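Below is one structure, written out as structure tokens; comments come after it.
Read the figures in this text as sums done on the coordinates, not as results from a lab. All of these numbers come straight from a predicted model, not from anything done at the bench. Because the Cβ atoms are built from the backbone with ideal geometry, glycine has one as well, and the counts that use them run over all protein chains shown.
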Amino acid sequence: MNAAADYQPPLAAYFQELETRYGDQFSFDRLSDEELLTLERLGRDAIERDRKVSAVEKANLKPLLTLVEMQRRKRGLEAGQTH
């Protein structure tokens, strides 16, 4: 197998962790502030800095950041803020 094909960005690993934790009950409303901000940070890293994430994957991740930002505003959290 190709090492590039086996690459899993930290965002994907974190999503797996959240899916394991929440299962079918996963929703942005259920995430803690810390989990939400971690998701945002890893999403931005994947889009802006991770050279192993393809352009198509980066484009597909942009709606994730929009959803996270909406949830952050709903909670009154600033980017990078932790409680």
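In table form, for the structure just shown:
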quantity: All positions within the stretch 24-83 that are among the acidic types (Asp, Glu) and in contact with a helix residue (DSSP H, G or I) (Cβ under 6 Å, 6 or more places away or on another chain); calculated: 40
quantity: Leading residue by the ranking (farthest from residue 9 (Cα to Cα)) among those in the stretch 27-78 that are β-branched (Val, Ile, Thr) and surrounded by 14 or more Cβ atoms within 10 Å (Cβ to Cβ); calculated: 68
